[in-house]
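Down below is the structure, laid out as structure tokens.
The values are calculated or read from the model by the stated rules, or taken from the named source; none is laboratory data. Just so you know, these numbers come straight off a predicted model, no measurement behind them. Quick reminder, even Gly has a Cβ in these numbers, built from the backbone with ideal geometry, and neighbours come from all protein chains shown.
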Amino acid sequence: MELVDVSDYRKFVSAHDRVVIGNVVVKIGKPWSIKDYSPPQDYKPEDSTVWSFPSRGDWATHSGNYRGNWSPYIPRNLINKYTSPGGLVLDQMCGSGTTLVECKLLGRNGIGVDINPDAVMVARDRLNFDYSSLERTDNVSSRTYMGDARNLDRIKSEIIDLVATHPPYAGIIHYTGKSVPDDLSRLKLPEYLAAMRVLAAESYRVLKPDHYCAVLIGDTRKARHYIPISIGVLQAFLSVGYTLKEDIIKLQHKMMVTRLKWRGRNYDFYKIAHEHLYVFRKPGMEEDLSKVKYSRRWW
């Protein structure tokens, strides 16, 4: 892991006004004009295992111009439910920094890691705003690193209050060029799931006992048949010791690629319009796990 701080960001934007992520140009370095720092007034925390956000959320510096990033409603719900002000949240595949922005707005400390140095610069750009509120805790920080989620060597064991992340789906959207060999988005499915087991073990190491790890993952198709990537990811996290707390179905809206492919066509299969938000819990010290044995790896 290599720290990327504000001075690194300022040096970068002095020479670059944009980066390219997954063939999409993302402009950076300009001052933000922020209208709202929070969701619409009718926002309510989720209370069921089906989540749907027809409007992805564009408060503060959130933007949908980074393909594959998750709606800010997701980390907002997770952070509020599973942490307290001043807590420490990790997103080890932080992309454009959605989780980190929500940490800043909600008074939590955030750590973001990404294998793509350009993505880290986008995250730093999204964090480049001033914000103060009666709700936030003084001296919260946002640290960003370029690094591999499978090797969090700059993070001590059992210091994280919440892991909240949205991994790339195997082979669907490539977030880096071929020059970054450790990019999970470029792995074939067997190698991808093997990497997820290593990633799961590393997240387990840094998370405090009796705390939570949330992972949003979706599935895909090949040759018109369903490929349940999410089941492999579920098994990967259970295999390292996690207990499954929740399986939340997150409905998908306004999917760019899907809209283009399906326009005016008929197929012999259904559009995939959901993802799985798995919430895992790391058991407490000397916890009796007999009551939750079927929420763990039991096969």
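Number of residues in region 229-242 that are crowded, with 19+ Cβ neighbours inside 10 Å and of a type in the set (S, T, N, Q) equals 1.
For region 208-222, which positions are outside any strand (DSSP E or B) and of a type in the set (Gly, Ala, Ser)?
From region 208-222, those outside any strand (DSSP E or B) are 218-219; that's our starting set.
Gly218 - this is the single residue of region 208-222 that is outside any strand (DSSP E or B) and of a type in the set (Gly, Ala, Ser).
Does Ala149 qualify as being assigned to a loop (DSSP other than H, G, I, E, B), crowded, with 22+ Cβ neighbours inside 10 Å and modelled with pLDDT of 90 or more? If you could, list the steps in order and put the result at the bottom.
Working: assigned to a loop (DSSP other than H, G, I, E, B): yes; crowded, with 22+ Cβ neighbours inside 10 Å: yes; modelled with pLDDT of 90 or more: yes.
It is true that Ala149 is assigned to a loop (DSSP other than H, G, I, E, B), crowded, with 22+ Cβ neighbours inside 10 Å and modelled with pLDDT of 90 or more.
Just the residues that are buried (at least 21 other Cβ atoms within 10 Å of the Cβ) and either in contact with a Ser or Thr (Cβ under 7 Å, 6 or more places away or on another chain) or of a type outside the set (S, T, N, Q) (or both), please, taken from region 182-201. Give the steps one after another, and end with the answer.
Our first condition is that a residue be buried (at least 21 other Cβ atoms within 10 Å of the Cβ); within region 182-201, this holds for 184-185, 192, 196, 199-200.
Hits for region 182-201 are Leu184, Tyr192, Met196, Leu199, Ala200.
The lone criterion from (1) within 28 Å of Lys208 (Cβ to Cβ); (2) touching a His at 6+ places or on another chain (Cβ under 6 Å) left unmet by Tyr73 is number (2).
Pick from region 95-122 the residues that are in contact (Cβ under 8 Å) with a residue 60 or more places away in the chain and within 20 Å of Lys208 (Cα to Cα): which of them is farthest from the chain's Cα centre (by Cα)? Filtering region 95-122 for residues that are in contact (Cβ under 8 Å) with a residue 60 or more places away in the chain and within 20 Å of Lys208 (Cα to Cα), the one farthest from the chain's Cα centre (by Cα) comes out as Val113. Of all residues in region 20-32, those that are closer than 15 Å to Arg124 by Cα have Cβ atoms under 9 Å from Cβ atoms of residues that are acidic (Asp, Glu) and surrounded by fewer than 17 Cβ atoms within 10 Å (Cβ to Cβ), 6 or more apart or on another chain, in Lys27/Asp17; Ile28/Asp17; Gly29/Asp17; Lys30/Asp17. For region 1-26, filtered to residues that are at pLDDT below 95 and not aliphatic (A, V, I, L, M), the residue that is surrounded by the most Cβ atoms within 10 Å (Cβ to Cβ) is Gly22.
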